[in-house]
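Remarks on the structure that follows.
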Amino acid sequence: MGIRNLLVMGAFALASVSTFAVSAKAEDVTISVWSLDRDIQPAPTLVADFNKLNTGIKVEYRQIQFDDVVSEAMRAYSTGQAPDIIAIDNPEHALFASRGAFLDLTDMIAKSSEIKTANYFPGPLASTMWDGKNYGVPKATNTIALYYNKDMFKAKGLDPNKPPQTWDELLDAARKLTDPGANVYGLAFSAKGNEEGTFQFLPWAQMAGGGYENINSEGSIKALDVWKTIIDEKLASRDSLTRGQWDSTGTFNSGNAAMAISGPWELDRMLTEAKFDWGVALLPVPEAGAERSSAMGDFNWAIFANTQHPAEAFKVLEYFVSQDIRMFSDFGQLPARSDIAIPATGKPLKDEALKVFTEQLKYAKPRGPHPEWPKISKAIQDAIQAALTGQMSSKDALDQAAEKIKAVLG
Amino acid sequence: MKRFFSSITDGKGFDILLVAFPLGYLFLMSGLPLLYNVLMSFQEVDMFSLGTFWRPFVGLKNYRDLFAQPETLPILYNTGIFVVASIAGQFLLGFGLALFFWTNFPGASWLRGLFLVSWVMPGLVVGAIWNWILSGDFGVLNFLLRETGIIDGNIFWRSDPDFSLWAVIIANIWLGMAFNMILLSVGLSAIPKDLYEAAELDGANAFQRFWTITLPMMRSSIGAIISLGLIFTLQQFDLFAAITSGGPNNSSNVTQYWAWDLSFRQYDFAKGATISVIMIVFVMFASVVYVRSTRHEVRG
């Protein structure tokens with residue numbers, strides 16, 4: 001038996017396997033799902049579980065990299081090769097929804113027994129809406145709050161059970177906690193010139209009555225002035241301007257910053273790395289009693305408008321939503337729903353923190369929604385950086401941003 | 001007919017065939033995308049018309065809009081500084097090292113090989129390492145400068161608009177120096193030794209020998225290395241992505257990074273293409289210099 005025979009047999013075996021596979025799938029409807037989730041994360045796991053149910057709908061999964069989600073989806077849609085379902089970052093949802101690339105799900109959701117809009121936090125839900133209609137459902141969510149080092153609070157004579165509530169208290173605490181001799185900054189946050197900078201700044205402007213539509217309002221200017229004070233008085237590292245949230249919070253974990261503004265994605269790393277007692281507080285507000293706000297992150301599910309099987313695709317979405325209860329217990333992500341309680345993890349620090357984040361989520365607001373969000377965001381990032389580097393005053397910088405945003409809003 | 005076939009296997013036809021393959025490849029892989037890019041810079045492009053070829057023509061609108069933006073001129077200026085400073089640094093240090101290793105002390109060729117390691121490393125890795133070195137609070141560079149008493153306070157290399165561009169330039173000089181050194185070493189070793197012997201007999205000192213023999217004999221190598229350097233620095237993207245992301249407030253932004261940011265961050269593909277066209281003009285210029293300087297190459 002020579003190599004030749006082996007090859008022939010191999011080819012024959014391959015051919016028979018593939019014909020068998022095709023014939024088995026023939027009557028199934030195939031739905032394709034794209035998301036950035038890796039194998040242990042929600043999407044591929046849920047897809048595998050769904051396929052085990054044998055509902056006559058076969059789901060194919062494809063993982064795409066975070067940086068490629070939008071460009072890949074655009075290319076696929078404009079050449080008619082879009083998947084049926086995609087997970088899209090929430091500030092980019094409106095871009096597709098406004099151009100009719102996503103399917104209007106309003107009627108299907110109204111009839112659905114599984115998907116109820118009332119179950120969702122208002123922020124994540126709003127990011128899936130365009131023009132009053134539902135163009136998707138939130139997949140998971142996150143937000144930002146204030147982490148603080150309780151041991152450092154004690155050492156500097158601050159009450160570790162009374163974290164700063166207002167901007168003034170935050171500045172005061174940061175001044176007391178900053179200790180250049182010990183390489184400790186009062187606060188760590190990110191003012192990076194990418195989406196992270198906008199993500200961190202916008203809640204501050206919103207708490208003071210501003211927003212992206214009126215970014216040069218008095219409140220937004222005051223917010224940026226507070227940021228400027230933090231940088232100018234060296235209460236936070238100047239490298240906050242080029243450092244993302246993950247790296248900035250790393251300095252908190254290593255004891256080089258006494259407070260940090262970041263999200264729940266930090267919790268697991270902090271539990272292993274931080275060798276001190278810490279807590280989480282709601283984002284400080286401009287003054288006592290002021291409106292709360294926070295950032296809103298994570299992805300949404302949407303169905304592409306040119307799907308061949310809208311009803312089946314919606315069934316798959318319904319299955320995903322029905323599994324939201326596993327979002328935290330199995331995958332460590334926060335479901336975007338107010339009707340699902342986060343189960344205790346048995347780690348007191350984490351459970352306390354999650355309570356605060358769940359509370360903060362009630363105030364989380366979407367970025368936009370606007371189809372040209374990246375341009376609006378870029379204008380805000382440039383303003384933050386121009387002011388923090390001292391090249392422009394907060395007012396001038398935000399006036400310029402408002403000008404650029406006005407051109408985008410039309 | 002027979003003549004035709006024989007000319008293909010051996011003769012003019014064969015020559016044409018040999019030239020046609022690389023030309024066709026170049027046209028397909030570089031020429032078409034380049035033309036498409038130029039076309040896009042005159043069109044209105046958004047993500048939903050990406051898949052189509054005939055999009056609304058807007059004439060020079062993209063160019064006008066681009067130059068109306070307040071950040072355009074500073075970014076072009078930054079690109080100029082980045083290119084000139086990087087090439088100057090890479091060339092001078094590379095030439096110095098090449099001359100140093102040319103003296104052929106024991107282990108010289110070995111050490112010279114080791115220097116190439118920096119050229120082999122991926123830009124993103126180099127960027128990540130320089131990111132730590134240049135960090136404001138805990139960076140090694142600040143530590144050295146502080147310990148030697150050159151500075152009092154920390155310099156925030158990445159986040160201070162006065163230093164951010166130079167932070168990337170320093171990293172880029174380090175990255176490109178070894179490549180310069182190797183190419184210049186090749187040029188140096190091609191100079192016939194008897195020229196120096198004759199000059200020495202005539203009483204020329206070291207400086208005169210360098211000025212009248214080394215430099216003129218190296219002319220083509222220098223022209224090539226500088227135009228290659230121009231192309232490599234205009235391609236340098238990884239270091240910007242890893243160290244400053246073009247910030248703060250565009251103070252370290254350059255055209256190549258900006259084109260990417262506009263196209264793939266803000267989805268403004270037309271403007272991204274417009275910047276690329278402007279860059280193509282510069283690279284064309286470099287290519288002409290490169291071709292001209294290598295045309296008269298003499299290999300001894």
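We did not get these values from a lab; they are worked out from the coordinates using the rules stated. Everything numeric in this text was worked out from a predicted model, so none of it was measured. Quick reminder, even Gly has a Cβ in these numbers, built from the backbone with ideal geometry, and neighbours come from all protein chains shown.
Could you compute the FRET efficiency for A:Glu114 and B:Ala128, with r as their C-beta to C-beta distance and R0 at 51 Å, rounded to 0.05?
0.70
In chain A, once you exclude exposed trypsin sites (Lys or Arg not before Pro) (DSSP loop, at most 11 other Cβ within 10 angstrom), what's the longest stretch remaining?
A:39-274
Quick one: what are the phi-derived ³J(HN,Hα) couplings along the stretch A:361-374, Karplus 6.51/-1.76/1.60 with θ = phi - 60°, whole Hz, x for glycine and proline?
Each residue's phi maps through the Karplus curve to give 4, 4, 9, 5, 10, x, 7, x, x, 8, x, 9, 3, x Hz.
Measuring from a point 7 Å past the Cα of B:Arg64 along Cα-to-C-beta, which residues in the stretch A:379-410 have an amide N at less than 18 Å?
A:407-408, by backbone N distance to the label point.
So what J values fall out for the stretch A:398-410 if you push phi through Karplus, 6.51 cos²θ - 1.76 cosθ + 1.60 with θ = phi - 60°, rounded to Hz, Gly and Pro as x?
Computed from phi, the couplings for the stretch A:398-410 are 6, 4, 5, 4, 4, 4, 5, 5, 4, 4, 6, 5, x Hz.
Which value, in debye to the nearest 20, describes the size of the charge dipole of the stretch B:151-300 about its Cα centre when Lys and Arg Cβ atoms bear +1, Asp and Glu Cβ atoms bear -1, and nothing else is charged?
460 debye
Could you sort B:209-221, B:50-62 so that the peptide with the highest average Cβ count within 10 Å comes first and the rest follow in order?
Packing order, densest peptide first, comes out as B:209-221, B:50-62.
What distance in nm lies between label points placed 7 Å from Cα along the C-beta direction at B:Leu144 and A:Asn214?
Here the modelled spin labels are 5.3 nm apart.
Taking the Cβ-Cβ separation of A:Thr166 and A:Asp232 as r and a Förster radius of 25 Å, what is the calculated FRET efficiency to the nearest 0.05?
That gives a FRET efficiency of 0.80.
Report, in degrees rounded to the nearest 10, the 0 to 90 angle that the Cα long axis of helix A:3-25 makes with the longest principal axis of chain A.
Long axis of A:3-25 versus the principal axis of chain A: about 80 degrees.
Quickly work out the B:Asp162-to-A:Phe276 label distance, labels modelled 7 Å from Cα along the C-beta direction, and quote it in nm with one decimal.
3.2 nm
Spelling out what I want: for every residue of the stretch B:88-103, take phi, set θ = phi - 60°, compute 6.51 cos²θ - 1.76 cosθ + 1.60 (Karplus), and round to whole Hz; glycine and proline get x.
Computed from phi, the couplings for the stretch B:88-103 are 4, x, 4, 5, 5, 5, x, 5, x, 5, 4, 5, 4, 6, 5, 5 Hz.
About its Cα centre, how strong a charge dipole does the protein assembly as shown have in debye, to the nearest 20, once Lys and Arg get +1 and Asp and Glu get -1 at the Cβ?
1440 debye
For the Cα atoms of chain A, what angle does the longest principal axis make with the long axis of helix A:69-78, in degrees from 0 to 90, nearest 10?
40 degrees
If you average the sequence gap of Cα pairs under 8 Å that are 6 or more apart and divide by the length of chain A, what percent do you get for the contact order?
25 percent
Put a dot 7 Å past each Cα toward the Cβ at B:Leu35 and A:Ala311; how far apart are the dots in nm?
4.9 nm
Averaging sequence separations of C-alpha pairs under 8 Å and six or more residues apart, then dividing by the length of chain B, give the relative contact order as a whole percent.
The value is 26 percent.
Between A:Arg62 and A:Asp28, what length in nm is gained on full extension when 0.36 nm per residue of separation is reduced by their alpha carbon distance?
10.4 nm
I'd like the mean, over residues of B:130-138, of how many other protein chain beta carbons sit within 10 Å of each residue's own Cβ. Let's see the in-between values first.
On the way: counts 0, 4, 0, 0, 2, 5, 7, 9, 6.
For peptide B:130-138, the averaged partner shielding equals 4.
Can you give the helix-only mean residue ellipticity at 222 nm for chain B, where every DSSP H stretch with n ≥ 4 adds -39500 (n - 2.57) and the sum goes over all residues, rounded to the nearest 500 deg cm²/dmol?
My calculation for chain B gives -20500 deg cm²/dmol from helical runs alone.
Check A:Ala188: other-chain or 5+ apart residues with amide H under 5 Å from its amide H, H built from backbone geometry?
Here the answer is A:Met259, A:Ala260, A:Ile261, since their amide H atoms fall under 5 Å of that of A:Ala188.
For A:Glu60, which sequence-distant residues (separation of 5 or more, or a different chain) have an amide H within less than 5 Å of its own amide H, given hydrogens modelled in the peptide plane?
A:Ile31, A:Ser32, A:Val33
Taking chain A as a Gaussian network, where each spring joins two C-alpha atoms under 10 Å apart, which residue of A:Ala76, A:Ala364, A:Ala257 fluctuates the most?
Per the Cα network of chain A with a 10 Å cutoff, A:Ala76 tops the list.
On a 18 Å Cα-Cα criterion, which of the cross-link pairs A:Lys156/A:Lys228; A:Lys228/A:Lys395; A:Lys52/A:Lys139; A:Lys375/A:Lys406 come out too long?
From A:Lys156/A:Lys228; A:Lys228/A:Lys395; A:Lys52/A:Lys139; A:Lys375/A:Lys406, over 18 Å: A:Lys156/A:Lys228; A:Lys52/A:Lys139.
Looking at chain A, what % of its DSSP beta bridges pair antiparallel, to the nearest 5? If you can, show how the numbers build up before the last one.
On the way: 22 of 36 bridges.
Counting only bridges with both partners in chain A, antiparallel ones make up about 60 percent.
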